[in-house]
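**Q** Here you go, one structure.
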Amino acid sequence: MLAKLYPQLDCLVTLVSVHDALLAERDLGKKNIRIVPTPQELDLSCGQSLLCVLEEAAELRALLERAGVRCGLWHQRSAEGWTKLDEVTGHED
């Protein structure tokens, strides 16, 4: 469903709490991101995730850290679904 709504946004970051989702939305509101429900097959955490463009993930990671947003796991969308990314390199695990 997310692929149909936001085909260009191919990176999903789970968030630790609803507060983190609100911080991300406030501080990154002008970026090409969306706050979306977390797909159940990935993680339930707070139920909110940040959807973004994979090419901008490194920049967004730095912005999220500066804003104090606590992130969970990073995933890349593929034809088969979501693939977990390595938190340090941003490459597939």
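**Q** Check the stretch 36-45 and report whether any residue there is at pLDDT 85 or above and open to solvent by 40 Å² or more (accessible area, probe 1.4 Å).
**A** yes
**Q** Tell me which residues, restricted to the stretch 1-51, are among the hydrophobic types (A, V, I, L, M, F, W, C), under 14 Å from L73 (Cβ atoms) and assigned to a strand (DSSP E or B).
**A** C11, L12, V13, L15, L50, L51
**Q** Let me ask another. Need pairs with beta-carbon distance below 6 Å; first residue more than 9 Å from T14 (Cβ to Cβ) and within the stretch 41-60, second surrounded by 15 or more Cβ atoms within 10 Å (Cβ to Cβ) and among the aromatic types (F, W, Y); sequence gap 6+ or separate chains.
**A** From residues that are more than 9 Å from T14 (Cβ to Cβ), the pairs are L51/Y6.
**Q** In the stretch 65-77, is there at least one residue being outside any loop (DSSP other than H, G, I, E, B) and among the aromatic types (F, W, Y)?
**A** Yes, the stretch 65-77 contains at least one residue that is outside any loop (DSSP other than H, G, I, E, B) and among the aromatic types (F, W, Y).
**Q** Oh, and also: Looking at G81, G68 in this structure, which one is touching a helix residue (DSSP H, G or I) at 6+ places or on another chain (Cβ under 9 Å), exposed (fewer than 13 other Cβ atoms within 10 Å of the Cβ), in contact (Cβ under 8 Å) with a residue 40 or more places away in the chain and not charged (D, E, K, R)?
**A** It is G68.
**Q** Something else now. Kindly check whether there is at least one residue in the stretch 23-34 that is among the β-branched types (V, I, T), closer than 19 Å to T83 by Cβ and either open to solvent by less than 90 Å² (accessible area, probe 1.4 Å) or in contact with a helix residue (DSSP H, G or I) (Cβ under 6 Å, 6 or more places away or on another chain) (or both).
**A** no
**Q** Also: Taking the stated definitions as given, is S78 among the polar types (S, T, N, Q) and on the phi > 0 side of the Ramachandran plot?
**A** Spelling it out, it is not the case that S78 is among the polar types (S, T, N, Q) and on the phi > 0 side of the Ramachandran plot.
**Q** Same structure, new question: Any residue in the stretch 25-39 that's touching a residue at least 24 places away in the same chain (Cβ under 8 Å): show its pairings with residues that are of a type in the set (S, T, Y) at Cβ separation under 7 Å, as long as the two are six or more apart or on different chains.
**A** So the pair list comes out as R34/Y6; V36/S49; T38/T14; T38/S45; T38/S49.
**Q** Tell me yes or no: at least one residue of the stretch 9-16 is open to solvent by 50 Å² or more (accessible area, probe 1.4 Å), of a type in the set (A, V, I, L, M, F, W, C), at pLDDT below 90 and more than 10 Å from the chain's Cα centre (by Cα).
**A** Taking every residue of the stretch 9-16 in turn, none turns out to be open to solvent by 50 Å² or more (accessible area, probe 1.4 Å), of a type in the set (A, V, I, L, M, F, W, C), at pLDDT below 90 and more than 10 Å from the chain's Cα centre (by Cα).
The values are calculated or read from the model by the stated rules, or taken from the named source; none is laboratory data. A quick note: this is a predicted structure, and the numbers were derived from the prediction, not measured. Virtual Cβ from ideal backbone geometry, glycine too; neighbours counted across all protein chains shown. Just so you know, the surface numbers come from the protein's heavy atoms only, side chains and all, with ligands and any DNA or RNA stripped out. Shrake-Rupley method; radii C 1.70, N 1.55, O 1.52, S 1.80 Å.
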